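A.B. asks: Could you have a look at this structure, given as structure tokens, before my questions?
Each value in this text was obtained by applying a stated rule to the coordinates, not by laboratory testing. All values reported here derive from a predicted model rather than from experimental measurement. Using ideal geometry, Cβ is built from the backbone for each residue, glycine included, and neighbour counts are taken over all protein chains shown.
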Amino acid sequence: MLTAGDVSAMVRGPQVHRDVYTSQQVYDLEMRHLFVNTWVFVGHESQTPHKGDYYTTQIGAQPVIQVRHGDGEIKVLHNRCPHKGTKIAIDRSGNTGKFFRCPYHAWSFKTDGCLLAIPLKKGYQDTELNKTENAKGMKAVGAVRVYRGFVFARLADEGISFEDYFGDSLSSIDNTVDRSPAGRLEVAGPPLRYMHQCNWKMLVENQTDTCHPMVAHESSAGTAVGIWKEMGNPEPRPPAMEIIAPFMSPYEFFENMGIRTWPNGHGHTGVNHSIHSEYSEVPGYFPALSEAYGEQRAKEILNENRHNTVYFPNIMIKGPIQQLRNFIPLGPDRTLVESYIYRLVDAPDELLARTAMYNRMINAPTSIVGHDDLEMYERAQEGLVSNGLEWVDIQRLMTGVEDYSEEVVENGTTERQMRNQFDAWVKFMTVSMGTA
């Protein structure tokens with residue numbers, strides 16, 4: 001059994017041991033500690049708009065239910081009957097009415113998880129059921145916070161607060177939501193789901209890897225740009241070309257883009273500009289935003305074009321196009337990716353159309369660009385079993401000792417954010433492991 005010391009030793013500054021990506025033991029510890037001690041994305045409030053609406057998902061390996069309770073509050077419950085352990089809800093979403101009912105023995109529970117009724121309850125009269133946790137009903141997760149519509153949960157009963165965990169990184173969610181004239185988002189349909197045969201951390205790292213686009217995507221974006229040049233670069237560019245061409249931007253573009261890192265593994269590319277900065281204006285959008293916020297504030301909102309914001313451990317948000325990608329670990333070498341898009345309430349529909357196009361072109365199982373990344377992840381997963389070297393190196397633009405408790409802005413091709421993530425990985429893996 002690995003100890004806290006063993007886990008800490010797997011990250012030595014800018015080098016990470018290959019077992020972090022390949023070991024079943026490490027994966028099991030992540031499920032028991034990392035995804036229990038961190039604040040993890042669950043869903044969006046618009047997925048459960050009415051009382052009794054529920055949505056099922058998972059936090060790490062734990063199946064959970066997001067549900068709108070009778071008082072209008074969103075609850076997150078473990079998807080397990082306290083009697084024999086049966087999963088209460090197996091549909092992805094639905095409306096359960098005023099209570100959940102176990103399909104096995106018909107125990108029923110209020111939508112906050114509290115036990116409502118047990119058939120033939122007299123059979124427990126002379127038992128000690130009432131002294132057990134099982135008698136309380138479906139167990140709620142340790143803590144829940146809904147922030148600007150996004151639902152996060154911490155499985156652990158005690159631990160770091162939501163505010164201390166995210167800090168100023170919440171500014172990326174703020175910018176995403178503020179792009180709506182009404183200050184609200186709505187999930188636009190179910191997410192695109194895409195299975196990857198690789199470790200989940202590879203996908204998280206790649207979100208702030210700016211040295212790969214012009215290389216890995218040459219076969220897709222590069223081909224599209226080449227064809228466009230052969231056509232004489234006609235203007236105006238159609239939306240598809242606006243989306244795909246920036247992937248072939250030179251290193252200098254990404255260096256000047258900048259990367260910001262925050263404590264606890266959070267960070268984003270696109271401090272100064274991003275691949276979303278030159279999208280065409282959508283008629284009627286800026287006037288609507290100006291009416292809602294004032295012209296100066298509207299300009300400030302739209303001038304913030306962050307590329308990818310990573311919220312550790314496993315989601316990425318793209319503010320300028322209202323997208324969220326959820327990297328759900330299913331094993332040391334298997335990850336399910338969910339790509340959500342959101343509608344800006346009271347904004348022109350053309351914005352949602354562009355967001356949907358981006359999702360199809362870049363992140364769908366049938367995408368143009370996403371397969372480039374997938375091939376790199378799977379090659380890396382296969383290559384890490386090689387005995388040539390045991391350590392992965394991520395020390396690009398590292399100079400001296402780094403303090404990850406500080407917010408820092410650096411060159412856009414630094415690997416500091418990856419190092420920042422592994423600093424948080426060690427911290428939240430070992431906080432509940434003890435010293436044994």
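A.B. asks: For the residue pair SER405 and GLU350, what label-to-label distance in nm results when each label sits 7 Å from Cα along the Cα-to-beta-carbon direction?
C.D. replies: 5.0
A.B. asks: Kirkwood Rh, the stretch 40-147, all Cα pairs: how many Å?
C.D. replies: 14.2
A.B. asks: Any idea what the relative contact order of the chain is, in percent, if you count C-alpha pairs under 8 Å spaced at least 6 apart?
C.D. replies: Taking the mean separation of contacting Cα pairs over the length of the chain, I get 22 percent.
A.B. asks: Same structure again: Kirkwood-based Rg over Rh for the chain (C-alpha set), two decimals?
C.D. replies: Ratio of gyration radius to Kirkwood radius: 0.99.
A.B. asks: Quick check: convex hull over the Cα atoms of the stretch 271-353, volume per residue in Å³, rounded to an integer?
C.D. replies: Working: hull volume 9.7 nm³, N = 83.
It comes to 117 Å³ per residue, whole-number rounded.
A.B. asks: Over the Cα atoms of the stretch 183-283, what radius of gyration and what Dmax do you get, in Å?
C.D. replies: So, for the stretch 183-283, Rg and Dmax equal 16.2, 47 Å respectively.
A.B. asks: For the stretch 86-98, in order, what is each residue's ³J(HN,Hα) by Karplus, 6.51 cos²θ - 1.76 cosθ + 1.60 with θ = phi - 60°, in whole Hz (x at glycine and Pro)?
C.D. replies: Using θ = phi - 60°, the values come out as 4, 5, 6, 10, 10, 6, 4, 7, x, 10, 9, x, 8 Hz.
A.B. asks: Write down Rg/Rh for the stretch 189-430, rounded to two decimals, with Rg from the C-alpha atoms and Rh from the Kirkwood relation over Cα pairs.
C.D. replies: The Rg/Rh ratio comes out at 0.97.
A.B. asks: Using the per-residue mean of other Cβ atoms lying within 10 Å as a proxy for protection, in what order, highest first, do the peptides 37-46, 152-161, 119-128, 203-212 fall?
C.D. replies: Descending packing order for the listed peptides: 37-46, 203-212, 152-161, 119-128.
A.B. asks: I'd like to know which of VAL369, TRP391, ASN359 lies farthest towards the positive end of the charge dipole of the stretch 351-402, counting +1 on Cβ of Lys and Arg and -1 on Cβ of Asp and Glu.
C.D. replies: In the stretch 351-402, that residue is ASN359.
A.B. asks: Sticking with this one: Could you tell me how many cubic angstrom of Cα convex hull volume the stretch 389-436 has per residue? Before the final figure, lay out the partial values.
C.D. replies: Values: hull volume 5.4 nm³, N = 48.
With only Cα atoms used, the stretch 389-436 gives 114 Å³ per residue.
A.B. asks: Express in whole angstrom the spacing between the alpha-carbon centres of the stretch 56-76 and the stretch 141-201.
C.D. replies: 14
A.B. asks: Just to check I understand the Karplus step: with θ = phi - 60° and J = 6.51 cos²θ - 1.76 cosθ + 1.60, what whole-Hz values come out for the stretch 361-372, glycine and proline as x?
C.D. replies: Result, ordered by residue: 6, 9, 10, 7, x, 9, 6, 8, 8, x, 5, 4 Hz.
A.B. asks: With unit charges on the beta carbon (Lys/Arg positive, Asp/Glu negative), name the residue among SER8, ALA106, SER180 whose Cα is farthest towards the positive pole of the charge dipole of the chain.
C.D. replies: ALA106
A.B. asks: Note down the magnitude of the dipole of the chain about its Cα centre, charges +1 on Lys and Arg C-beta and -1 on Asp and Glu C-beta and zero elsewhere, to the nearest 20 debye.
C.D. replies: Magnitude of the dipole: close to 2040 debye.
A.B. asks: Can you list the HN-Hα couplings for the stretch 2-18, worked out from phi with the Karplus curve (6.51, -1.76, 1.60; θ = phi - 60°), rounded to whole Hz and with x for Gly and Pro?
C.D. replies: So the Karplus estimates, Gly and Pro as x, are 6, 9, 4, x, 4, 5, 4, 5, 6, 10, 10, x, x, 10, 10, 5, 4 Hz.
A.B. asks: Now a separate question. When the helix-only estimate is applied to the chain (DSSP H runs of n ≥ 4, each -39,500 (n - 2.57), divided by the residue count), what is the mean residue ellipticity at 222 nm, nearest 500 deg cm²/dmol?
C.D. replies: Helices in the chain give a 222 nm mean residue ellipticity of -7000 deg cm²/dmol.
A.B. asks: While we're on this one: Considering only HIS276, TYR342, GLY294, whose Cα is most displaced toward the positive end of the charge dipole of the stretch 235-366, charges sitting on Cβ of Lys, Arg (+1) and Asp, Glu (-1)?
C.D. replies: TYR342
A.B. asks: Residues with amide H under 5 Å of GLY270's amide H, sequence separation 5 or more or different chain, H placed in the peptide plane at 1.01 Å from N; which?
C.D. replies: Under 5 Å from the amide H of GLY270 lie the amide H atoms of GLY258, HIS307, each far enough along the sequence or on another chain.
A.B. asks: To the nearest 0.05, what FRET efficiency results for ARG379 and TRP228 with a Förster distance of 25 Å applied to their C-beta separation?
C.D. replies: 0.30
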